[in-house]
Amino acid sequence: MADLNDPARLAELHGAMLRTEADALLDACVGRAAKLARAPIAFVSLVVRHIQLLRAHHGLPLELAVSCATSRSNSFCQLVVRDDVPLVVEDALRDHRVPKDLVESYGIRAYAGVPVRVHGHAIGSLCALDVVPRRFEPRVIQGLEQLALDVAVRLSELVERDAPLGSADLQERLVRIEQATRVLERALMALAPVIAAAQNAAGLRPHAPQVDAMHATPSALVTLASLRAAVGCWRDMGSVADELCDEAAAVASSAPAASGLVTAARTLARSMAEVGPLVRLAEGVLEGTLEETAAERGRSLVLRGAIDAHEAACAAVSEIRAGALRARGATSSGATL
């Protein structure tokens with residue numbers, strides 16, 4: 001039985017692997033999985049610290065397709081990753097192993113999922129789901145396992161494709177890292193009240209004032225204007241964080257003692273991925289693509305870990321900047337890193 005929070009497993013979740021833009025090869029894999037299983041829903045999940053990120057999907061309800069995530073604790077895929085073996089559920093209502101949130105919210109009744117492994121670690125699952133109780137034949141599980149190999153290869157390719165190319169002066173890279181962390185800190189500050197308001201609205205902080213983060217008035221804790229600003233900040237953070245991860249990797253390759261920058265940068269990327277579902281749901285309501293009822297169902301599945309993820313991102317940014325400052329001091333004085 002694997003530890004879902006094993007740092008070595010989580011370290012494999014980084015870079016383009018965690019992004020939500022569509023990828024033709026991953027989309028083809030989930031489409032083939034749905035066809036193979038004759039199931040209306042299929043997806044590739046990446047099991048992070050608080051959420052399962054739906055990296056590619058077919059047939060999802062609208063709010064899940066927008067958020068691209070559910071809470072890890074609500075997921076069936078966490079069991080696939082924990083046990084590192086296929087999981088077959090013929091009737092989720094009667095199966096004591098699985099959480100019931102997805103059953104109650106979306107009528108999920110049957111599930112077949114297999115591990116997706118990168119460098120020997122189960123990072124997620126390729127699965128097919130149905131809304132009626134049913135069996136999955138052995139050939140379906142075997143087919144999903146073969147497709148999961150293709151998924152793992154593609155995820156690794158996406159990360160390698162974004163690896164930094166060439167080299168630049170170490171001091172210049174360290175300066176860029178410091179500048180990026182200051183941009184990210186400002187963006188994280190803009191996100192903080194929006195995340196807190198959404199948590200309050202969901203009743204997750206019973207002693208805090210109740211605020212509807214999606215329909216807040218100017219007199220409320222968070223206004224619609226600040227919500228739009230927070231969504232924009234989060235969008236901008238993505239490219240900055242990607243560049244920061246590349247710079248950290250390049251610095252570490254030139255100065256092995258600065259390898260902690262890579263670990264902190266990957267922590268930042270995972271934390272941003274876990275805040276992302278809440279932001280995408282907010283954006284869906286602002287743009288009118290999601291009704292409040294649908295958004296609320298989605299929020300209920302991803303909110304609980306948002307504050308922890310935001311705090312982890314803030315800590316990672318501070319750690320990255322501190323490491324860059326130390327490295328700059330060492331290289332300026334001619335010390336060996």
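At a glance:
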item	result
Qualifying residue in the stretch 142-150 (condition: under 23 Å from Ala16 (Cα atoms), under 20 Å from the mean Cα position of the chain (by Cα) and either open to solvent by 10 Å² or more (accessible area, probe 1.4 Å) or among the hydrophobic types (A, V, I, L, M, F, W, C) (or both))	yes
Close pairs (8 angstrom Cβ cut-off, 6 or more residues apart or separate chains): touching a residue at least 12 places away in the same chain (Cβ under 8 Å) and of a type in the set (Val, Ile, Thr) in the stretch 295-307, surrounded by fewer than 22 Cβ atoms within 10 Å (Cβ to Cβ) and part of a helix (DSSP H, G or I) anywhere	Ile307/Ala196; Ile307/Gln199
Pairs where the first residue, in the stretch 69-90, is at positive phi and the second is at pLDDT below 95 and open to solvent by 20 Å² or more (accessible area, probe 1.4 Å), C-beta under 7 Å, 6+ apart	Asp84/Ala2
Options Val103, Val116: the member that is in contact (Cβ under 8 Å) with a residue 24 or more places away in the chain, of a type outside the set (Phe, Trp, Tyr) and on the phi < 0 side of the Ramachandran plot	Val116
Positions within the stretch 122-142 being within 21 Å of Ser71 (Cα to Cα) and in contact with a Leu (Cβ under 9 Å, 6 or more places away or on another chain), in sequence order	Ile123, Gly124, Ser125, Leu126, Cys127, Ala128, Leu129
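The values are calculated or read from the model by the stated rules, or taken from the named source; none is laboratory data. This one's a predicted model, so the numbers in the text were calculated from it and none came from an experiment. Please note: Cβ atoms are built from the backbone with ideal geometry, for glycine as well, and neighbour counts cover all protein chains shown. These area figures cover heavy atoms from the full protein model, side chains too; ligands, DNA and RNA do not enter into them. Shrake-Rupley method; radii C 1.70, N 1.55, O 1.52, S 1.80 Å.
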